[in-house]
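Quick notes on the structure that follows.
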Amino acid sequence: MLKTGKSDHSRYLTTMPFRIYRTATSVLIESHEAPDIFREAPKDFCFNSLFNSEEPAGCVASAYESGSKTNALDFSSLMAPIRDQEIWAAGVTYFRSRTARMEEAETAGGDIFYDKVYDADRPELFFKATAPRTRGHGDKVAIRSDSSWDVPEPELTLAINKHGKIFGHTIGNDMSSRSIEGENPLYLPQAKVYTGSCAIGPCLLIDDVPEPDTKIAIEITRGGDAVFSGETKLSQLKRSFEELAEFLFRSNDFANGAYLMTGTGIVPESDFSLKVNDVISITIEGIGILQNEVEIV
Ligand code: DO4
Ligand code: MG
């Protein structure tokens, strides 16, 4: 049965929505009711206390209430909205991802695994990054020096507290080497996990999970010119958010909660590969824009 990104459990918010931004020195909170006004959270509020809370929305609401007003947010000083959370990712959750991966793995005889996992009960979940390897808005993301075919993967990314409850979401970029993954599916960790392979941001949005018609869009520019653009909708996601979170937390615990990327529905045609200095902009309605330039590592 086709499941969409929306389910009965998606309305969990007990407060108004908030956006949480991290800078080098502070955590800033913006309320849905007072856009563009940022309050600095008290010093005992951090991403660990948020992800460890049983009621994260309430935790943000009280930090906002007792926070102090600040000047406008400087978007050039943003950091990834993370502290000690692990970042995991789901794969082959959109038909487009299944098809593109079957093409890239055909020569190696690996295509059948992508076909099977798309329809299987158990989703593909893999470890993606720890905080030190994660980049924020405005940072550089990376392609590997031993890879010849590279793409960004724009993905709605769930924030899940240590009790397994989804309480918010952000934008994620699951940078991937198609040449390494295509050579052999067992090389997936090398295709997916390396310095600069993961970006999240610009903020963590505390809100109900977005509606199925929410758009995810990407644009890649090279020397100022668009070289790729694409978009999809969350309604194209085959599995529910709760299903993905439930599998992630099955027989596993997360001392400080986790982020879970929900898979990509946008894969450029096979003749496209990222180049150094390309600029990747990913937009998800309601969250903002995550923009990163590409470097090589
Ligand atoms: O199967 C490999 C990874 C898939 C993935 O990252 C995605 O579909 O987004
Ligand atoms: Mg992905």
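The values are calculated or read from the model by the stated rules, or taken from the named source; none is laboratory data. Bear in mind that the values here come from a model prediction, so they are computed numbers and not experimental data. Positions of Cβ are backbone-derived with ideal geometry, glycine not excepted, and every protein chain shown enters the neighbour counts. Heavy atoms of the whole protein, side chains included, go into the accessibility calculation; ligands, DNA and RNA do not. Shrake-Rupley method; radii C 1.70, N 1.55, O 1.52, S 1.80 Å.
Tally time: how many residues in the stretch 125-134 are open to solvent by 40 Å² or more (accessible area, probe 1.4 Å) and either assigned to a loop (DSSP other than H, G, I, E, B) or touching a helix residue (DSSP H, G or I) at 6+ places or on another chain (Cβ under 9 Å) (or both)?
Adding up the residues that qualify gives 3.
Would you pick out the residues in the stretch 223-253 that are under 28 Å from Gln291 (Cα atoms), of a type in the set (Phe, Trp, Tyr) and touching a residue at least 60 places away in the same chain (Cβ under 8 Å)?
Hit for the stretch 223-253 is Phe241, nothing else.
Answer yes or no as to whether Ala90 is within 16 Å of ligand 2 (Cβ to nearest atom), assigned by TED's automatic domain parsing to the domain that holds Leu244 and in contact (Cβ under 8 Å) with a residue 40 or more places away in the chain.
Yes; evaluated as a whole, the condition is true for this residue.
For Ala245, are the conditions met, namely being assigned by TED's automatic domain parsing to the domain that holds Met175, at pLDDT 95 or above and open to solvent by less than 40 Å² (accessible area, probe 1.4 Å)?
The answer is yes for Ala245.
Taking Gly182 as the residue in question, decide whether it is within 13 Å of ligand 1 (Cβ to nearest atom), buried (at least 19 other Cβ atoms within 10 Å of the Cβ), in a helix (DSSP H, G or I) and not aliphatic (A, V, I, L, M).
In short, yes.
I need the full set of residues from the stretch 188-219 which are crowded, with 19+ Cβ neighbours inside 10 Å and within 16 Å of ligand 2 (Cβ to nearest atom), in order please.
Correct list: Ala191, Lys192, Tyr194, Gly196, Ser197, Cys198, Ala199, Ile200, Ile216, Ile218.
Take the stretch 175-213 and flag every residue that is within 22 Å of Val60 (Cα to Cα) and of a type in the set (S, T, N, Q).
Residues satisfying the conditions do not exist here.
Quick one: how many residues across the stretch 261-297 are open to solvent by less than 40 Å² (accessible area, probe 1.4 Å), hydroxyl-bearing (Ser, Thr, Tyr) and either farther than 30 Å from Pro17 by Cβ or not in a strand (DSSP E or B) (or both)?
Qualifying residue count for the region: 3.
Can you find even one residue in the stretch 135-149 that is open to solvent by less than 10 Å² (accessible area, probe 1.4 Å) and assigned to a loop (DSSP other than H, G, I, E, B)?
Yes, because at least one residue in the stretch 135-149 is open to solvent by less than 10 Å² (accessible area, probe 1.4 Å) and assigned to a loop (DSSP other than H, G, I, E, B).
Among Ala72, Ala100, which is under 19 Å from Pro202 (Cβ atoms) and either in the same structural domain as Leu186 (by TED's automatic domain parsing) or surrounded by fewer than 15 Cβ atoms within 10 Å (Cβ to Cβ) (or both)?
Ala72
Kindly indicate whether Asp115 is closer than 22 Å to Thr232 by Cβ and assigned by TED's automatic domain parsing to the domain that holds Glu231.
Against the criterion (closer than 22 Å to Thr232 by Cβ and assigned by TED's automatic domain parsing to the domain that holds Glu231), Asp115 qualifies.
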